[in-house]
Amino acid sequence: MFIVFIGPPGVGKGTQANMLVEKYPMVKISTGDLLRESIRDKSVLGERAKGFMERGELVPDALVIDLVNEKVNSTAASGKSYIFDGFPRTIEQAKELDNLLESRSSKISVAVDFSMDEEERIERLSGRRMCPSCQRTYHIKFAKPKNDLTCDACNIPLVQRSDDDESVIRQRSSVYWDLTRPLLDFYRKRNLLQTIDASRNIDLVFSDLDRFIQKIKP
Ligand code: ADP
Ligand code: ADP
Ligand code: ZN
């Protein structure tokens, strides 16, 4: 099973992907997390990606596709299902993902469209905090850590992502509208699109998502 998560920044994709991985034996491929790890490791790819991410632009397709290819190839033996969180983000990436899956005699099972209005989404982003070690995300109001602003798992102080700054948030939202939103039609035409109301609380969104997943489970 190959599940794709599509949605604007802050809508809750990462949160839901993490909950799925806790419940089911699935591999999560979050290109945002992988890119941030590359930057932290000071790899060549990370160095190339850094400026794009800081400006809220998309990292060039070729870099992201390499990263995904590598991750899929290194985990394929597990036979697990996959969740792609924040990938594909362009039509080009979607086509490359189709090619990659086709070469493994597989295809996308469902594309989940996370939808909600802008204002609350901005509140989610501005209150988001991240563990710099395990990348788990929290929220100062909606998903508080057990102890004041430290990671439940790592017990170290949470940080705010530098691209969760107001002007970069605006840029990322506009990139979503221009380059990523066309993917909804791409998947709708193939009858693969499921829209989820992402404005509700974390557990309600998860129960909807879980229901979709149960339905498509082989
Ligand atoms: P968001 O909270 O917007 O979903 P992510 O953590 O998914 O943030 O992505 C952070 C940044 O990483 C993006 O603004 C972009 O620069 C880069 N990025 C992540 N995934 C991709 C992708 N599939 N293609 C291009 N750039 C990506
Ligand atoms: P994305 O990966 O789509 O950018 P995240 O999963 O990082 O989004 O969520 C953005 C912020 O909103 C995080 O701080 C997260 O804790 C919080 N959040 C996620 N889902 C919900 C929800 N359903 N209700 C309230 N806050 C949420
Ligand atoms: Zn942590």
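All but one of (1) within 16 Å of ligand 3 (Cβ to nearest atom); (2) touching a Phe, Trp or Tyr at 6+ places or on another chain (Cβ under 6 Å) hold for residue 193; which doesn't?
(1) is the only condition that residue 193 fails.
Restricting attention to region 95-123, which residues are out of contact with any strand residue (DSSP E or B) (no Cβ under 8 Å at 6 or more places or on another chain), more than 25 Å from residue 208 (Cα to Cα) and part of a helix (DSSP H, G or I)?
95, 96, 98, 99, 100, 102
Are any residues in region 155-191 among the basic types (Lys, Arg), within 12 Å of ligand 2 (Cβ to nearest atom) and in a helix (DSSP H, G or I), and if so, which ones?
Answer for region 155-191, where residues must be among the basic types (Lys, Arg), within 12 Å of ligand 2 (Cβ to nearest atom) and in a helix (DSSP H, G or I): just 172.
Looking at region 133-181, which of the residues that are within 14 Å of ligand 3 (Cβ to nearest atom) and polar (S, T, N, Q) is surrounded by the fewest Cβ atoms within 10 Å (Cβ to Cβ)?
Filtering region 133-181 for residues that are within 14 Å of ligand 3 (Cβ to nearest atom) and polar (S, T, N, Q), the one surrounded by the fewest Cβ atoms within 10 Å (Cβ to Cβ) comes out as 147.
Need pairs with beta-carbon distance below 8 Å; first residue in a loop (DSSP other than H, G, I, E, B) and within region 61-83, second surrounded by 16 or more Cβ atoms within 10 Å (Cβ to Cβ); sequence gap 6+ or separate chains.
Every condition considered, the pairs that remain are 80/26; 80/27.
Return the pairs, sorted by first residue and then second, in which the second residue is of a type in the set (A, V, I, L, M, F, W, C), the first residue lies in region 128-142 and is part of a strand (DSSP E or B), the beta carbons are less than 7 Å apart, and the residues are 6+ apart or on different chains.
Here the result reads 129/140; 129/149; 129/158; 129/159; 130/158; 130/159; 137/130; 138/158, each pair linking region 128-142 to a residue that is of a type in the set (A, V, I, L, M, F, W, C).
None of the figures in this text is laboratory data; all of them are computed from the coordinates on show. These figures come from a predicted structure and were not determined experimentally. Note that we place each Cβ from the backbone using ideal geometry, even for glycine, and neighbour counts take in every protein chain shown.
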